[in-house]
Amino acid sequence: MNTPTLVPSILIIYTGGTIGMMENPETGALENFDWEQLRHHVPELKRFGYRIDTQSFDPPIDSSNMTPCDWQKIVHIIEDHYEQYDGFVVLHGTDTMAYTASALSFMLENLSKPVVFTGSQLPIGQLRTDGKENLLTAIEIAAARDEKGRPIVPEVCLFFENKLMRGNRTTKINAEGFNAFRSYNFPPLATAGIHIRYERQLIRRPDPARPFKPHYLVDTNVLILTLFPGIRRDFVEHVVRVKGLKGLILKTYGAGNAPQEPWLVDQLKALRKQGVILVNITQCSLGTVEMRRYGTGLQLLEAGVINGYDSTLESMVTKLMVLLGHGYSTDEVERLMNASVAGEITTDELATGIPAIH
Ligand code: ASP
């Protein structure tokens, strides 16, 4: 870990999204902001006294257009500037922010500096914007250090409307209000009021014996199957027979339950036999999968489906992509899917520490 500079240095990475837009006074249309003019539009930045630099995607993108290539681009920027800055703030559209934050939590292994995602529901140039508040607090969090001079939050996290959440625990839940994100199964890492109150016991720390290790390999041969009453056998069979499928996430009911249809269980067993990783997550926002609780869950466990515990969809799909990207054996992917790699699931074995991805 390198020693922090006296004046904190923060790199803002603008990828796109509402936060970076301004109303064109002539046409009234929302247009992307010139990041060279950031200090002009957010004069409050000067009051921090930090060194703040910006890097912008060219062109900036609506986050609905984000792909794993863009995740790699962000990882690249962070890797290239890792030694020069104390923390990173990633400005991102809200639509897929939880996916990108989740992906980066797996791609930036043993991170020792804060990477804080934020965005806004109203453009930074609008009168009632939530963007300034989110940006300024995200910068303060990215620069915050403890008594020993170490970053307080060396995690990929997401700040929105007063709450700092672990990135891979978040979901966008609101297309209208300012409180756009929730972390249902894990408490906030910090709450911003008059003071920023950090929950230090919840914040992950890097392993000092291992270096920071960025990962770039991502395999997109995955699919999500949401169960619903009346789901058709022919449709399911058609979809899961797609060539190249390596990972299937089942969004099941309640504590991880599915209809007791022999065709469904047989199909899952056949996929498992072909080496497809099958993961069970629940359609409920709150709570966890417990496949032994009901017969409707046990049949999945017996078919070789693995437990996704209390994971968000965003975190499960990106974790699967990153693990598959490493070309591991099925057993190894299953082992890591069942362990907490970046604090993304609550398992009984959490105390075992951080498994390395390699
Ligand atoms: N569609 C926009 C995006 O995700 C919405 C936003 O920025 O909040 O890029």
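Observations, loosely collected:
- In order along segment 84-90, the Karplus-derived 3J(HN,Hα) couplings, from 6.51 cos²θ - 1.76 cosθ + 1.60 at θ = phi - 60°, round to 7, 10, 7, x, 10, 10, 9 Hz, and Gly and Pro are given as x.
- Binning all Cα-Cα separations of segment 158-214 at 5 Å, short to long from zero, yields these whole-percent fractions: 4, 18, 22, 20, 15, 12, 5, 2, 1.
- Relative contact order of the chain, taken over Cα pairs closer than 8 Å and 6 or more residues apart, is 14 percent.
- In plain terms, the bigger the Kirkwood radius, the slower the diffusion; for segment 1-147, with that radius from Cα pairs, at 25 °C and 0.890 mPa s, Stokes-Einstein puts D at 157 µm²/s.
- Cβ charges +1 (Lys, Arg) and -1 (Asp, Glu), total dipole of the chain, debye: 800 debye
- Gaussian network model of the chain, springs between alpha carbon atoms under 10 Å - residue of Asp62, Asp234, Asp266 with greatest fluctuation: Asp234
- Measure of compaction for segment 100-247 (Cα Rg per 2.2 N^0.38 Å): 1.29
- Couplings for segment 275-287, taken from phi via the Karplus curve 6.51 cos²θ - 1.76 cosθ + 1.60 with θ = phi - 60°, read x, 6, 7, 10, 10, 10, 10, 8, 6, 6, 6, 10, x Hz in order; Gly and Pro are left as x.
- Selected from Ala270, Ala180, Ala339 as most flexible by GNM, with the chain as the system and alpha-carbon contacts under 10 Å: Ala270
- Across segment 133-146, computed HN-Hα scalar couplings (Karplus, 6.51 cos²θ - 1.76 cosθ + 1.60, θ = phi - 60°) run 4, 5, 5, 5, 6, 4, 5, 4, 5, 5, 9, 5, 10, 8 Hz from first to last residue, x flagging Gly and Pro.
- Whichever aspartates and glutamates have a C-alpha closer than 18 Å to that of Lys243, once near sequence neighbours (fewer than 8 apart) are set aside: Asp219, Asp234
- For the chain, the Stokes-Einstein estimate of translational diffusion at 25 °C and a viscosity of 0.890 mPa s comes to 116 µm²/s, using the Kirkwood hydrodynamic radius over alpha-carbon pairs.
- Scanning residues 5 or more positions from Lys163 or on other chains, those with amide H under 5 Å from its amide H are Ala192, with H placed 1.01 Å from N in the peptide plane.
- Sorted by Cβ neighbour density within 10 Å, fewest at the top, the residues Cys284, Cys157: Cys284, Cys157
- Rounded Å value of the spacing that divides the Cα centres of segment 67-94 and segment 187-204: 23 Å
- Compared with the dominant principal axis of the Cα atoms in the chain, helix 313-325 is inclined by about 80°.
- Cross-link pairs Lys46/Lys113; Lys213/Lys269; Lys251/Lys319; Lys73/Lys148 - those with Cα-Cα distance over 24 Å: Lys213/Lys269; Lys73/Lys148
- Where trypsin sites (Lys or Arg not before Pro) fall in DSSP loop in segment 237-268, at most 10 other Cβ within 10 Å: Lys243
- Our helix-only sum for the chain, with -39,500 (n - 2.57) per DSSP H run of n ≥ 4 divided by its residues, gives a mean residue ellipticity at 222 nm of -7500 deg cm²/dmol.
- 5 Å binning of all Cα-Cα separations within segment 234-310, expressed as whole percents from 0 upward: 3, 18, 28, 26, 17, 7, 1
- Residues Ile61, Ile19, Ile277, sorted so that the one with the fewest Cβ neighbours within 10 Å comes first: Ile61, Ile277, Ile19
- Fraction of antiparallel bridges per DSSP, the chain only, in percent to nearest 5: 35 percent
- Annotation: amide H-H contacts under 5 Å for Gly87 (H modelled 1.01 Å from N, sequence separation of 5 or more, or interchain): Ser9, Leu11.
- Cleavage-rule hits, GluC sites (Glu not before Pro), segment 94-197, DSSP coil, Cβ neighbours within 10 Å at most 15: Glu147, Glu176
- Equivalent ellipsoid of segment 118-189: semi-axes from √(5λ) of the C-alpha gyration tensor, largest first, are 23, 17, 7 Å.
- Fluctuation leader among Pro262, Pro211, Pro25 - the chain, Gaussian network, Cα springs under 10 angstrom: Pro25
- The relative contact order of segment 146-263 comes to 17 percent, based on Cα pairs under 8 Å that sit 6 or more residues apart.
- Nonlocal amide H pairs with Thr54, under 5 Å, H built at 1.01 Å: Ile12
Bear in mind these aren't lab numbers, they're just calculated from the coordinates by the rules spelled out. Owing to the predicted nature of the structure, the values given are computational and were not obtained by experimental measurement. Neighbour counts are summed over all protein chains in view; Cβ atoms, including those assigned to glycine, are modelled from backbone coordinates with ideal geometry.
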